[in-house]
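Take a look at the structure below.
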Amino acid sequence: MRRVIDLAARWGCAAALLAALIPLGSLLFYVTIKGGAAFSWSLFTELPKPVGEPDGGFGNAILGTFMLVGMACAAALPLGILAGIYVSEYGENRFARIVRFCADVLSGVPSIAIGIFVYSILVVTLRSFSALAGAASLAIIMLPTVMRTTEEILALVPNSLRESALALGVPRWRVILKVVLRAGAPGIATGAMLAIARAAGETAPLLFTAFGNLHWSARPGAPIASLPVQIYTYAVSPYEEWHRQAFAGALILVGLVLFLNVGARLATRTKNTRSH
């Protein structure tokens with residue numbers, strides 16, 4: 001009977017994995033085929049051009065995406081990881097429960113609502129769309145994912161590691177920093193990459209905050225281009241040429257997210273291998 005249950009569980013897991021891989025593989029295959037047909041190196045270096053002119057690219061949008069995501073990471077990752085550490089290691093109090101509840105509520109808020117909120121707070125106050133407002137909206141989107149992932153990963157670290165370090169007289173803050181965080185680093189990095197991947201593909205909040213820009217721009221206080229907004233603009237246009245470029249932009253965006261995920265996994269794996 002146990003072997004039957006074990007076999008059924010194995011086949012169930014395999015079926016669930018296949019059900020997840022089929023749509024993912026189909027999506028990647030379709031984007032690669034459609035985007036590869038319009039792919040060229042000018043997409044990385046040139047500005048968008050009007051319909052009918054040859055070439056054109058997403059150079060300003062790629063730069064803007066890196067800038068927006070980088071600024072959002074600078075705000076959301078430290079705050080999210082620190083909040084996750086607090087609710088995991090010191091979570092048996094009322095304040096920690098409130099923080100956890102707020103994170104759960106925030107994770108369910110639609111991204112467009114976050115964009116409207118940041119618009120009313122920053123864009124209306126500053127009287128200008130800006131990269132700062134766009135990064136703020138992405139940071140709010142990333143924050144609950146980073147926090148809750150950090151909390152769940154640290155909860156999986158065996159208490160015996162904490163107790164062993166504390167028994168040696170190591171201060172608790174050093175135990176958390178040197179033992180608990182090091183043990184949970186791969187999982188925390190994975191959670192951070194999930195948050196970055198979601199933020200990098202968001203369009204709705206950037207329409208209300210960063211807006212867009214047809215020129216090179218790296219000023220935090222000015223409107224800035226981004227790949228998701230540029231892809232959206234091309235995709236809803238009536239021009240077939242822009243549709244092809246939209247697929248090429250989607251392929252670039254998928255490649256950037258894949259590169260970040262693989263890079264983070266390799267970095268954490270190398271660090272853990274050296275520590276062992």
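The values are calculated or read from the model by the stated rules, or taken from the named source; none is laboratory data. Predicted model only: the values in this text are computed from it and were never measured. Using ideal geometry, Cβ is built from the backbone for each residue, glycine included, and neighbour counts are taken over all protein chains shown. Surface areas here come from the heavy atoms of the whole protein model, side chains and all, with no ligands, DNA or RNA. Shrake-Rupley method; radii C 1.70, N 1.55, O 1.52, S 1.80 Å.
Within the range 232-251, being touching a residue at least 12 places away in the same chain (Cβ under 8 Å) and of a type outside the set (S, T, Y) holds for E241, W242, R244, Q245, A246, F247, A248, G249, A250, L251.
Matching residues to (1) open to solvent by less than 80 Å² (accessible area, probe 1.4 Å); (2) farther than 29 Å from V118 by Cβ:
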residue	(1), (2)
R3	no, yes
A8	yes, yes
A19	yes, yes
L77	yes, no
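Scanning the range 210-229 turns up no residue that is in a helix (DSSP H, G or I), touching a helix residue (DSSP H, G or I) at 6+ places or on another chain (Cβ under 8 Å) and open to solvent by 30 Å² or more (accessible area, probe 1.4 Å).
Yes or no: the range 122-132 includes at least one residue that is modelled with pLDDT of 90 or more, open to solvent by less than 10 Å² (accessible area, probe 1.4 Å) and within 28 Å of N261 (Cα to Cα). Yes, that holds for at least one residue. When you scan the range 77-91, do you find a residue that is more than 21 Å from A222 (Cα to Cα), in contact with a Lys or Arg (Cβ under 7 Å, 6 or more places away or on another chain) and of a type in the set (D, E), even just one? No - not one qualifying residue is present in the range 77-91.
If you go through the range 90-101 one residue at a time, do you hit one that is touching a Leu at 6+ places or on another chain (Cβ under 9 Å), assigned to a helix (DSSP H, G or I) and among the charged types (D, E, K, R)?
So far as the range 90-101 goes, no, none of its residues is touching a Leu at 6+ places or on another chain (Cβ under 9 Å), assigned to a helix (DSSP H, G or I) and among the charged types (D, E, K, R).
Taking the range 154-202 as the range and being of a type in the set (G, A, S), open to solvent by less than 60 Å² (accessible area, probe 1.4 Å) and assigned to a helix (DSSP H, G or I) as the test, the residues that pass are A165, A183, G184, A185, G187, A189, G191, A192, A195, A197, A199, A200. Taking every residue in the range 29-49 that is open to solvent by 40 Å² or more (accessible area, probe 1.4 Å) and pairing it with any residue that is of a type in the set (D, E, K, R) and outside any helix (DSSP H, G or I), at least 6 positions away or on another chain, the pairs with Cβ-Cβ distances below 9 Å are S40/D55; E46/D55; K49/D55. In the range 53-75, the residue that is surrounded by the fewest Cβ atoms within 10 Å (Cβ to Cβ) out of those that are touching a residue at least 12 places away in the same chain (Cβ under 8 Å) and outside any helix (DSSP H, G or I) is D55.
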